[in-house]
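Remarks on the structure that follows.
The values are calculated or read from the model by the stated rules, or taken from the named source; none is laboratory data. Just so it is clear, the structure is predicted and the values come from calculations on it, not from any experiment. Quick reminder, even Gly has a Cβ in these numbers, built from the backbone with ideal geometry, and neighbours come from all protein chains shown. Ligands, DNA and RNA are stripped out before the accessible areas are found, and what is left, the full protein with its side chains, is counted by its heavy atoms. Shrake-Rupley method; radii C 1.70, N 1.55, O 1.52, S 1.80 Å.
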Amino acid sequence: MGPLDLIGNALVNAAAPLQLFTMLWATLLGILIGMLPGLTATMGLALLTTLTFHMDSHTAIVSLLCMYVGAIFGGSRSAILLNMPGTPASAATTLDGFPLAQSGRAREALGLATIGSCFGTLVGVALLALGAPLLADYALKFGAFEFFWLAVFGIVISGRLTAMEDPLKGWIAGLLGLIIAMIGQESVFAYARFSYGITDLTGGINLIPAMVGAFGFAEILTSIAGRKGPVVAKATGRLLPSFSKLRKHWLTIPRSGAAGTLIGVIPGVGEDIGAWVSYALAKRFSREKDRYGKGSEEGLISAETGNSAAVPGAIIPVLTLAVPGSAPAAVLLAAMVIHGVRPGPLIMIENPPFVYDVAATLIYAAFAITFLGLLLSGSLLQVLRIPRERLMPVIFVLCTVGSFAIANRLFDVLVMVCFGIAGFLLRQMKFPMAPIVLGLVLGSLLDKNLRRGLILSDGSLEPFLTRPISAVLMGVTLLSVALVLIPFGRRKKTGPS
């Protein structure tokens, strides 16, 4: 049977009523988990895996796939309405989603994010079904040297995009995130760094409490201090985007979807980087660059398309190499093994229908997030009617519970509070929060691969500079810095003496 026959059969089989019901409840559960700060897709998949032991393998994997898609999408809801990304993958969504909500266009922002996520997932599924072996083989070319430059590039891009008026502040914030990521045992010899004899610090700083503090608790402190920031206006306008508006951004969706999928394929990178790269690419080709970060529809669509497309992308190496493309995909890989599926290079020979069953499930999950996203938007918009002085205590409880639930440690609650205070102070000085979180995400990737690369090259820096992919990533990174510094230098020369 050819690929078209296999995907056709998979779509028909997945349309059984019981399967559709499973997809619906699993996607809804994923959306709810993604909406709550601190409850990530990884946690949701891990918890659901423990509940699927007594399910048949097909139903179990279907429910896990749909929860994965729903959780990555669900983070956009709180990112748009509360400026608090429910998951790290939605951090880029806050840049334009929340400003749109502030201007009274929350309904439109939720609709655009929903459509972007749907099409992003579909683009990713198309690439999964058509090019899984090819894309996975290309991802194998990324070694320690390439991953190092990918991490550096992520920090540079994030710093530049989140602090348009002063990219230097964005880079400082990203560097601060990298420094914080160095706390704890290093990856090669497990030597404790910057722990100062504190046992809890030897395990490092957990990303989720840090993110919840920087975005959530800092928002609470801003409200308490009287500097409430722009309050979200009453939501008006249409929820479902018009055809003319989608046609205006018709290139953004496939471009961001392809970029997100390709980033998702690279093992260990994840949906958050997929969102940032898609956002950067959309801004690079946009005719309205000045609107990015201030309520750009195109920016919102690109971020949501990118992180959703990275989900099928992260599943590609899971199926064809048994290597996870992201942290949630690692849990998914373990669940597949538990339920008797053997991913790897032989899967296209031993069990080719399974790959297309996964693709069909992701297609239905894309339709499910569209249906549920539009259906629930009206209820979610009621959040805007709650006075902030009543909403903030509830958010504080969610921040505390979400931080504690990661590892049942009070230390993580303390981390959340410390990052909230630091985030509040940095906000007053106009430093962006997103690069700090991204620095934490990429810190271990950068540190581990720098050390691994130096070991492989006997301490030589040459492979970091001469390997083809490394050289391209280095060149793009330096070019991104130069494009900021050269105009800045010219302004200094032409400015008043």
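Remarks
- Prolate/oblate/rounded label for segment 70-124 (Cα gyration tensor, a/c 1.5): oblate
- Across all Cα atoms of the chain, the radius of gyration (one decimal) and Dmax (whole number) stand at 21.8, 75 Å.
- Our helix-only sum for the chain, with -39,500 (n - 2.57) per DSSP H run of n ≥ 4 divided by its residues, gives a mean residue ellipticity at 222 nm of -23500 deg cm²/dmol.
- Quarter of the Cα convex hull surface for segment 327-458, i.e. its orientation-mean projected area (nm²): 14.5
- Mean separation of Cα contacts under 8 Å, 6 or more apart, over the residue count of segment 245-323: relative contact order %: 44
- Loop sites in segment 289-350: trypsin sites (Lys or Arg not before Pro), DSSP, at most 15 other Cβ within 10 Å: LYS294
- Among 327-338, 462-473, 295-306, sorting by the average number of other beta carbon atoms lying within 10 angstrom of each residue, highest first, gives 295-306, 327-338, 462-473.
- Relative intensity, log₁₀ I(q)/I(0), of segment 405-476 from a Debye sum that treats every alpha carbon as a point, q = 0.18, 0.19, 0.23 Å⁻¹: -0.85, -0.87, -1.03
- Accessible area per residue for segment 257-318 is 25 Å², calculated with a 1.4 Å probe on protein heavy atoms, without ligands, DNA or RNA.
- Here, segment 287-372 has an Rg and a Dmax of 16.6, 52 Å when only alpha carbons are counted.
- For the set LYS169/LYS289; LYS141/LYS248; LYS141/LYS289; LYS169/LYS448; LYS169/LYS245, the pairs lying more than 31 angstrom apart at their alpha carbons are LYS141/LYS248; LYS141/LYS289; LYS169/LYS245.
- Packing around the peptides 193-202, 96-105, taken as the average count of other Cβ atoms within 10 Å per residue, puts them in this order, highest first: 96-105, 193-202.
- Surface share of carbon and sulfur [accessible, 1.4 angstrom probe, percent] for the chain: 69
- Computed over segment 1-70, the Cα gyration tensor eigenvalues convert (square root of 5λ each) into semi-axes of 25, 13, 11 Å, ordered from largest to smallest.
- Packing-based order for 449-455, 171-177, 412-418, using average beta carbon neighbours within 10 Å, highest first: 171-177, 412-418, 449-455
- Accessible surface computed residue by residue for segment 25-135, with neighbouring protein chains in place and a 1.4 Å probe, gives 26 Å² per residue.
- Taking every full run of DSSP H in the chain, the ones that stretch at least 24 Å from end to end by Cα along their long axis and average -1.0 or higher on the Kyte-Doolittle scale are 17-35, 57-82, 106-139, 144-162, 297-321, 352-380, 388-405, 410-428, 434-456, 468-494.
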